[in-house]
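Participant: The following block contains the structure, expressed as structure tokens.
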Amino acid sequence: MGIMAAEASTVAGESGRMVRDGARGFVSAHHSMKRVRQVRTAEAGYSREVWTALAEAGWLGLRIPESLGGAGMGMAEVAALCDVFGEVLLPEPYIACGLIPCALLAGCANAPLRERLMHGVINGQQVLTVAWQEAPFHFHAGQCELTLSGEAESLRLHGGKRFVPAAVNADGYIVSVMHAGRFALVHVPASESASGITLHAHRLIDGSVCADLGFSDVKISASDILAEGEAARELIESAVGEATLAACAMLNAVADRALAIAVDYMGKRVQFGKHIGSFQALQHRAVDLAVRCALARAALNRALEEHAAGSTRAAADLSAAKAICSRTATLVTRSAIQLHGGIGYTDECDIGLYLKSALCHAAWLGGANAHGTRYMALRSAVEQPA
Amino acid sequence: MSVDPCTNTGEDFDALPDHEFRARFRRWLEQHCPADVRRPAHRLRGQRAREWFRLLYRHGWRAPAWPREHGGMGLSIPKLIIYDEELDRAQISRTVDMGETHLGPTLMKLGTEEQRRLYLPSILNCEHWWCQGYSEPNSGSDLASLKTRAEKEGDDFIINGQKIWSSFAAEATHVFLLVRTSTEAVKQRGITFILAEMSTPGITVKPIINLAGDDDFCEVFYDNVRVPARNVVGRVGEGWAVSRSLLGMERLFIGSPRNSQIAMRALHSLGEVLGISGERAFATAWAELSLELHAVQCLYRETARVLGQGLNPENELSMLKIAATEHFQRVTEAMMDLAGEYGPIGEVPVGSDSVDIRQLYMLARPATIYGGSSEIQRNILSRRMLKLPND
């Protein structure tokens, strides 16, 4: 519940509060619920103008070390930021095109490439998105089959990637490949589209857009290889892991806000001469949802804490959090529609937008079932305390 | 004063590093804990419970949450959680000690110097064994409507009435109870918190057989029971507030995921012993319950931490109680469901011990009733947290 969420997210403490206050200021200046409906017809699924403003306000580099031009903050602060973006359903792809590409660039060994791209990404002039997924239900970012063939001057990319977020109108992609039997990450500028990149876009239920990308003998420069081998694998797994934590924060914010909206409505809507919020059946439903929200928030806080500590249970707790937060957000948002009654089923009413956002974030980066299964596989390592 | 000289060696356990504290307690449990105390699905009661607490007491491991000045271990919240985790790891039976968890902390907060001196050491060494007298036949969830009367007569109060659901009253030496000392417009006023010896003439105890087949609960009848006025805790007429003064660890305890963990372990053993752990229905239930348990554990941890900061997360405590007790029930329901014919038969041998499916199933029932039923918690949360209208 939003009531507690603001106070209870103690993980980030003072810096989290500052991030939250700053982000609220940004949101009230650049965003309104009207935009959430407008982006449904925007080709890219978001506004490039707002993206630039987001960059100029410094949010994209929040997690980047100060030495590389960022703010040097941790995942707790990123979660605080996503809390604010989630509660207003900000359509701009902060996680996909801010958090993940920045982490890959900041962590890669190819310094000249980093210098070439980082500035533009943090400034919002270059929008990069990361293409690592090749099949549905696949969320191991460190595994792929797409092959980069050839040697130094004649590198060629051939094959495809799926469900690439915010791929339409992106300036470039960071693509995971197998090169000479080794895992690698390469930068593919989108301007090459004339020479062999095809894009098949999908409009998601929340208005955002993802795309399947096809690469047909796309020429790649050796200088565009970000990282190779185990380092590359660790880099993307870590970046996608952090993105998953951020997605959990979005899901929790969406759920908390949807419940707050429903509770508010229950205090206004009158039937049978009484506020519907005074009916015990509805009160108990609302409380049950608040309990689910509190559990999800606790699961995320735990995952953030273990992540920050680099503990052995971090991976298991991350999967538990994604499974719990995904399930909670979809349950709470669709129940919020029920609490509204008929008006909740209209497009005019904001509550439906929350359900749609929850559905998208729940499915992205591994859904409840996938992460639930992964949690069960990993938890044996967790169960025995030292 | 009858403080056992062996105890309270003066060692400040709270000053130890976490891992060392954990190792020390673990080693002690391994060396000293009797086999019959290591039956997690069973409740240790009566003489055996008192012997176990005395053993803890003699070795300085008694009353972990009590301050050291009162003879406890003075552990901070993180250490208390470790203490609890180690009890759980050693598979110690569940115990109820109302003196330690309820009366002691209440006296520390609101008792007189004399009451503390008289009762606290006797709680620690188990010379006194306390039960609670709150509920009445017509005052359950609506506790403040209680009618058991106490009339002032000289320096005494004369108590008349009936209490119910007093756990282990038949084994108790003392009772702390709520009585009505005046009838006023607001029913919470006019209630007084008072202490009595169970051996006082006029007290009759009648055990109640519950659905698990145990006689934990009792009816207690008070027929002209004379109790000295110095036994009142707090002021006369302010007993409601005295009974509500227990916050923190005592309320955290009721939302502890420990029962769920015990039941989950039993479910796991059942899966192995009955050869059903590979079945889809079992695997599905197991995975779902594991994930939910994880969430409850996270909320427990977080709530404990907030408590440790000296705050009172009353909404979280209520939510935790709902979540933990309902999860405990779901585990026992899955167990009954998955065990097929073995469910109603009950006892399934597991290694040298056994899992009693029926008993766990029934033990889980009252968890959502006592300490403020799940529905009462929801009513409270709907007003206090969600601020939903009353109309």
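Any read-out appearing in this document is the output of simple, stated calculations on the displayed coordinates, not a laboratory observation. This one's a predicted model, so the numbers in the text were calculated from it and none came from an experiment. Here the Cβ is made from the backbone with ideal geometry for all residues, glycine too, and neighbour counts use every protein chain on show.
Participant: What nm value, rounded to one decimal, do you get for the distance between A:Gln125 and B:Leu211 when each label is placed 7 Å out toward the C-beta?
Facilitator: So the two model labels end up 7.0 nm from each other.
Participant: Which aspartates and glutamates have a Cα less than 17 Å from the Cα of A:Lys34, not counting those fewer than 8 places away in the same chain?
Facilitator: Cα-Cα hits under 17 Å: A:Glu43, A:Glu49, A:Glu87, A:Glu92, A:Asp206, A:Asp347, A:Glu348, A:Asp350.
Participant: Right, another one. Treating only the Cβ of Lys, Arg, Asp and Glu as charged (+1, +1, -1, -1), what charge dipole size does region A:249-386 show about its Cα centre? Round to the nearest 20 debye.
Facilitator: Working: 15 positive and 10 negative charges, 43 e Å.
Roughly 200 debye, rounded to the nearest 20.
Participant: Would you pull out the residues with amide H under 5 Å of A:Ala227's amide H, same chain only if 5 or more places away, H placed 1.01 Å from N?
Facilitator: Correct list: A:Leu185.
Participant: Then there's this: What is the sum of charges, Lys and Arg at +1 and Asp and Glu at -1, for the other residues whose Cβ falls under 14 Å from the Cβ of A:Glu49? Before the final figure, lay out each step's value.
Facilitator: Details: positive: A:Arg35, A:Arg48; negative: A:Glu43, A:Glu56, A:Glu92.
Net charge around A:Glu49: -1.
Participant: Which Rg and Dmax, in Å, describe the Cα atoms of the protein assembly as shown?
Facilitator: Using the Cα atoms of the protein assembly as shown, the pair Rg, Dmax is 30.2, 105 Å.
Participant: To continue, here is another question. So, with +1 on the Cβ of K and R and -1 on the Cβ of D and E, and no other charges, what is the size of the charge dipole of the protein assembly as shown about its Cα centre, to the nearest 20 debye? Can you show the working numbers first?
Facilitator: Values: 79 positive and 88 negative charges, 283 e Å.
Here the protein assembly as shown has a charge dipole of around 1360 debye.
Participant: Related question: Which is farthest toward the positive dipole end of region A:276-380 among A:Ala336, A:His307, A:Val291, measuring Cα position about the Cα centre, with Cβ charges +1 (Lys, Arg) and -1 (Asp, Glu)?
Facilitator: A:His307
Participant: Assuming 0.36 nm per residue, please report the length gained on full extension of the stretch B:Gln31 to B:Arg230 beyond their Cα-Cα distance.
Facilitator: On the way: separation 199, 0.36 × 199 = 71.64 nm, distance 4.33 nm.
Residue separation times 0.36 nm, minus the Cα-Cα distance, leaves 67.3 nm.
Participant: If one takes the longest principal axis of the Cα atoms in chain B, at what angle in degrees, from 0 to 90 and to the nearest 10, does the Cα axis of helix B:18-32 lie?
Facilitator: Relative to chain B, helix B:18-32 is tipped by roughly 90 degrees.
Participant: Beyond 28 Å between alpha-carbons counts as too far, so tell me which of A:Lys274/B:Lys163; A:Lys161/A:Lys219; B:Lys79/B:Lys387 fall in that bin.
Facilitator: Details: A:Lys274/B:Lys163 38 Å; A:Lys161/A:Lys219 16 Å; B:Lys79/B:Lys387 35 Å.
With Cα atoms farther than 28 Å apart: A:Lys274/B:Lys163; B:Lys79/B:Lys387.
Participant: Separate question: May I ask for the Rg/Rh ratio of chain B, computed from Cα atoms with Rh as the Kirkwood radius, given to two decimals?
Facilitator: On the way: Rg = 21.5 Å, Rh = 22.3 Å.
My calculation puts Rg/Rh at 0.97.
Participant: Around A:Ala246, with a cut-off of 13 angstrom between Cβ atoms, what is the net charge of the other residues, counting Lys and Arg +1 and Asp and Glu -1? Can you show the working numbers first?
Facilitator: Values: positive: A:Arg63, A:Lys322; negative: A:Glu77, A:Asp83, A:Glu242.
That works out to -1.
Participant: For B:Glu20 and B:Glu127 in the same chain, what is the full-extension length gain: residue separation times 0.36 nm, less their Cα-Cα distance, in nm? Walk me through the intermediate numbers first.
Facilitator: Values: separation 107, 0.36 × 107 = 38.52 nm, distance 3.16 nm.
Gain on extension, B:Glu20 to B:Glu127, equals 35.4 nm.
Participant: May I pose another question? Under 14 Å Cα to Cα from B:Lys187, which aspartates and glutamates show up? Leave out anything in the same chain fewer than 8 places away.
Facilitator: Of all the aspartates and glutamates, those that pass the test against B:Lys187 - Cα under 14 Å, at least 8 places apart if same chain - are B:Asp142, B:Glu238.
Participant: What FRET efficiency do you get for B:Ser141 and B:Thr204 if R0 is 41 Å and r is their Cβ-Cβ distance, rounded to the nearest 0.05? Before the final figure, lay out the partial values.
Facilitator: Numbers: r = 25 Å, r/R0 = 0.62.
Given R0 = 41 Å and the Cβ-Cβ separation, E is 0.95.
Participant: Also, I was wondering about something else. Gap in Å between the Cα centre of region A:153-179 and the Cα centre of region A:311-381?
Facilitator: 28 Å
Participant: Shifting gears a bit: Using a 10 angstrom cutoff on alpha carbons, build the Gaussian network for chain A and name the most mobile of A:Leu318, A:Leu199, A:Leu365.
Facilitator: Ranking A:Leu318, A:Leu199, A:Leu365 by mean-square fluctuation puts A:Leu199 first.
Participant: Rounded to the nearest 20 debye, what is the charge dipole size of region B:13-95 about its Cα centre when +1 sits on each Lys and Arg Cβ and -1 on each Asp and Glu Cβ?
Facilitator: Values: 17 positive and 11 negative charges, 89 e Å.
The calculation lands at about 420 debye.
Participant: List every residue whose amide H lies under 5 Å from the amide H of A:His179, counting only residues 5 or more places away in sequence or on a different chain, with H placed 1.01 Å from N in the peptide plane.
Facilitator: Close amide H contacts, sequence-distant or interchain: A:Leu148, A:Ala184.
Participant: Also: Would you work out if chain A is rounded, prolate or oblate? Take a ≥ b ≥ c from the square roots of the eigenvalues of the alpha-carbon gyration tensor; rounded if a/c is under 1.5, else prolate when a/b is larger than b/c, oblate otherwise. Walk me through the numbers on the way to the answer.
Facilitator: Working: a/c = 1.88, a/b = 1.62, b/c = 1.16.
Because a/c hits 1.5 or more and a/b exceeds b/c, chain A counts as prolate.
Participant: For B:Arg48 and B:Gln91, compute 0.36 nm times the residue count separating them, minus their Cα-Cα distance, and round to one decimal in nm.
Facilitator: Values: separation 43, 0.36 × 43 = 15.48 nm, distance 1.60 nm.
Roughly 13.9 nm would be gained on extension.
Participant: Longest exposed-loop-site-free stretch of chain A, with chymotrypsin sites (Phe, Trp or Tyr not before Pro), DSSP loop and at most 14 other Cβ within 10 Å?
Facilitator: Working: sites that count: A:Phe137, A:Phe272.
By the stated rule (loop sites, at most 14 other Cβ atoms within 10 Å), A:1-136.
Participant: Once the Cβ-Cβ distance between A:Met18 and A:Asn369 is put in as r, and R0 is 30 Å, what FRET efficiency do you end up with, to the nearest 0.05?
Facilitator: Details: r = 37 Å, r/R0 = 1.23.
E between A:Met18 and A:Asn369, to the nearest 0.05, is 0.20.
Participant: Can you list which of the DSSP-assigned H helices in chain A have a Cα extent of 30 Å or more along the long axis and an average Kyte-Doolittle score of at least -1.0?
Facilitator: Numbers: long enough: A:229-266 (55 Å, 0.73); A:280-309 (43 Å, 0.08); A:314-340 (38 Å, 0.51).
Correct list, ordered by number: A:229-266, A:280-309, A:314-340.
Participant: Let a ≥ b ≥ c be the square roots of the eigenvalues of the Cα gyration tensor of region A:165-251; is it rounded (a/c under 1.5), or, if not, prolate (a/b larger than b/c) or oblate? Mind dumping the intermediate values first?
Facilitator: Working: a/c = 2.50, a/b = 1.11, b/c = 2.25.
In terms of gyration-tensor shape, oblate.
Participant: Let me ask something else. Farthest toward the dipole's positive end in chain B, which of B:Val232, B:Ala266, B:Leu87, given Cβ charges of +1 (Lys, Arg) and -1 (Asp, Glu) about the Cα centre?
Facilitator: After comparing all options, I get B:Val232.
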